[in-house]
Structure formats: C-alpha cells, structure tokens
C-alpha cells in the first residue's frame with residue numbers, strides 16, 4: 001500500500017491540471033492587417049533603428065545574382081523607443097551602413113585584432129576594418145554585434161582563453177571603451193543597455209558594469225540553443241526568455257536577483273524565439289515546426305505588472321505560417337504596449353516579407 005500511495009497522488013495531481021487553451025486567430029486589436037513589404041523570401045531579415053531617427057529600417061539579404069549583398073526594404077510607419085538596441089547577431093546598422101562580423105579563420109588563431117566588414121551605403125561592396133582588442137583572443141565563432149544606430153557594441157568570444165571581450169565603438173568604429181570578462185568564452189547571448197552589458201552563458205547571467213567585477217546570477221538549464229532564447233530589458237527587469245522550456249525569468253537588472261517567473265507552453269519543435277518588452281508587457285513570437293515542410297508563428301503576450309507566478313497559461317495567437325527556414329524579427333513600439341513583427345511568409349503567389357503591428 002505504501003508503494004501505491006505516491007502513484008495515486010501523482011495521477012490525481014495530473015487529473016486536476018487544466019488543459020492548455022487552444023491556439024486561436026488574433027483579433028484586429030491584437031494584430032493589424034498584414035502589410036506586404038516585398039515579394040521574395042530573403043534568407044536574412046533584420047529590423048534596425050535608424051540613425052538619428054526612431055523609425056525602424058528593414059534590411060534583408062538581396063536575391064542571388066544581383067550586385068548588392070543586402071537590400072533596404074523600407075521604413076516602418078510607427079516609431080520605436082529612444083535608445084532601443086536590437087538583438088545581437090552577425091549584423092548591425094550603424095551610421096547608415098550595414099556592418100557584419102565575419103566567420104573567424106579556420107583553424108582559429110589567437111589575434112589581438114577583430115576584423116569587421118563595413119558595407120557602403122548601397123550595400124554592394126564591403127571593406128575590412130580592424131578593431132584592436134584588449135588582449136589576444138582565439139575566436140571559433142563570429143563576434144556578436146548590435147547597435148542603437150549611432151554606436152556599435154561588440155562581444156568577441158575567446159574560446160581558448162575562456163574570456164569575452166566587450167567593446168563600445170563610435171560611428172567611425174573607433175574603440176571608445178573595452179574590457180575583458182573572465183570565464184565567459186562560451187557566451188550565447190549579449191545585450192547592451194545603459195552603461196552595462198549583459199551576457200548569457202548556459203545557466204549563468206552576468207551584468208558587466210563599466211568598472212568593477214561582474215554581477216552574476218543564475219537561471220534554470222536552457223531548453224534549447226541560442227536561437228530559442230532571448231534577453232530583453234523591461235524597465236528595471238532583465239528578462240531571460242527560454243522558448244524551448246516555456247519559461248521567462250525576470251531578474252533585477254542591477255543585482256541579478258530573481259523578481260518573477262512566467263510560464264507559457266508550446267507545440268511541436270521550437271525553432272526560433274524573438275521577444276521584446278515595454279514596462280508593462282512582454283511580447284514573444286515563437287517559430288514552431290510541426291513537420292518538415294513549414295513552421296507556424298505563434299504570438300504570446302505576458303503581463304509584467306505582477307511579480308506573482310501565473311495561475312494559468314497565456315493564450316497563443318496564430319500569426320501565420322512560413323517555409324521551414326522562415327525568418328522573423330520583433331521590436332517594441334514607442335507608444336503603448338505594442339510591437340512590430342517582420343517575417344518571411346509563404347503567400348499565394350510565392351514567398352514574401354510581411355509586417356504586422358501587435359498588441360498581444
């Protein structure tokens with residue numbers, strides 16, 4: 001009898017849990033009508049804040065065979081918040097130009113300089129520009145770069161030295177600040193905000209101030225890779241979004257202590273997560289693969305007002321489907337609690353880039 005009691009208790013607990021709410025189509029208030037931006041499906045799609053302007057500039061990789069490498073797709077009608085810095089990756093937009101962090105040489109060698117590719121304003125040709133690092137660095141992965149349109153923020157991951165090097169560059173890509181962070185050679189995500197840099201590495205989250213030692217916090221083990229996680233600032237919170245685990249951890253962005261935990265659910269295999277936030281609301285858009293032919297984009301909105309754990313799971317909004325390698329980006333709006341979603345999409349006549357404004 002003593003063996004059966006725990007089993008009965010577990011069965012009863014499962015039976016009492018509520019089933020997740022079914023996914024549904026968004027209302028007109030939750031998602032605007034789709035705007036077709038361009039009628040082709042680029043392999044790379046990015047949303048950048050424009051220099052000296054709070055509108056967003058949409059950039060994408062150009063079609064094969066054309067002289068340009070990248071192509072500007074247009075500017076959003078609505079504006080983003082002042083000082084917003086989009087997700088770090090291999091591309092950034094600073095002083096009206098695309099900057100790319102190229103793949104490191106193979107085999108990797110220790111170097112005291114970082115090479116960046118700076119494209120002309122037509123994005124047809126790129127010149128190589130070297131940036132002096134604060135020490136030798138053996139890179140096996142691209143540097144992570146991001147920009148607010150006027151400054152470039154760089155993180156070089158030094159695998160052999162087990163260090164990360166964080167730099168701030170001016171529009172001419174001259175180094176204005178640099179420091180080395182020990183035990184950070186495997187950083188997955190990087191975010192610059194205010195006077196600090198935030199680094200996510202497996203379970204470890206670091207706040208790197210301009211001077212002094214990093215402040216370290218921890219989160220649960222990740223459910224997937226870097227593409228299924230995101231780092232977002234919302235007022236005094238640093239949010240660690242883990243799409244493959246269905247979890248958001250809110251940390252005090254100064255002390256790195258936990259302030260809240262939110263849960264959501266997913267279906268199929270999570271391929272890609274993008275998140276953005278205002279002071280009151282977190283928007284998450286997840287790309288889920290149900291089969292090998294297409295992906296579904298699902299939107300989730302979470303309140304950040306309460307610090308208590310959610311009593312129920314949030315609703316899931318069906319935002320569309322796309323090819324297996326579809327791309328999407330998400331950025332906050334300056335007014336209200338909205339966001340702009342830009343994505344590749346399979347239309348009636350072929351692939352295209354679409355834009356929606358969200359209020360989830």
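The values are calculated or read from the model by the stated rules, or taken from the named source; none is laboratory data. If you're wondering where the values come from, they're calculated on a predicted model, not measured in any experiment. Here Cβ is always computed from backbone atoms with ideal geometry, including for glycine, and neighbour counts include all displayed protein chains.
Some observations on this one:
- Boolean, residue 46 is under 20 Å from residue 274 (Cβ atoms), within 18 Å of the chain's Cα centre (by Cα), in a loop (DSSP other than H, G, I, E, B) and modelled with pLDDT of 95 or more: no
- Pairing residues of the stretch 338-360 that are at positive phi with residues that are outside any strand (DSSP E or B), at Cβ distances under 7 Å and at least 6 apart in sequence or on separate chains, gives 350/39.
- The stretch 210-222, subset assigned to a loop (DSSP other than H, G, I, E, B) and either surrounded by 13 or more Cβ atoms within 10 Å (Cβ to Cβ) or touching a residue at least 40 places away in the same chain (Cβ under 8 Å) (or both), residue farthest from the chain's Cα centre (by Cα): 214
- Residue in the stretch 100-110 that is more than 21 Å from residue 151 (Cβ to Cβ), touching a residue at least 40 places away in the same chain (Cβ under 8 Å), outside any strand (DSSP E or B) and in contact with a strand residue (DSSP E or B) (Cβ under 6 Å, 6 or more places away or on another chain) present: yes
- Residue count for the stretch 68-99 under the criterion of being more than 19 Å from residue 191 (Cα to Cα) and touching a residue at least 60 places away in the same chain (Cβ under 8 Å): the result is 5.
- Residue list for the stretch 191-200, filter: modelled with pLDDT of 95 or more and surrounded by fewer than 21 Cβ atoms within 10 Å (Cβ to Cβ): 193, 196
- Failed criterion for residue 174 (all others in (1) without any contact (Cβ under 8 Å) to a residue 24 or more places away in the chain; (2) in contact with a strand residue (DSSP E or B) (Cβ under 6 Å, 6 or more places away or on another chain) hold): (2)
- Yes/no for residue 84 being touching a strand residue (DSSP E or B) at 6+ places or on another chain (Cβ under 9 Å), within 16 Å of residue 330 (Cα to Cα), part of a loop (DSSP other than H, G, I, E, B) and at pLDDT 85 or above: yes
- In the stretch 300-332, the residues that are outside any strand (DSSP E or B), within 25 Å of residue 56 (Cβ to Cβ) and modelled with pLDDT under 85: 325, 326
- Selection from the stretch 228-255 of residues that are assigned to a strand (DSSP E or B), free of Cβ contacts under 8 Å to residues at least 40 places away in the same chain and under 24 Å from residue 316 (Cβ atoms): 242, 247, 249
- Test set (1) over 17 Å from the mean Cα position of the chain (by Cα); (2) touching a residue at least 12 places away in the same chain (Cβ under 8 Å); (3) surrounded by fewer than 14 Cβ atoms within 10 Å (Cβ to Cβ); (4) within 24 Å of residue 283 (Cβ to Cβ) - residue 225 fails condition number: (1)
- Residue 188 vs. criteria in contact with a helix residue (DSSP H, G or I) (Cβ under 9 Å, 6 or more places away or on another chain), surrounded by fewer than 21 Cβ atoms within 10 Å (Cβ to Cβ) and closer than 30 Å to residue 107 by Cβ: yes
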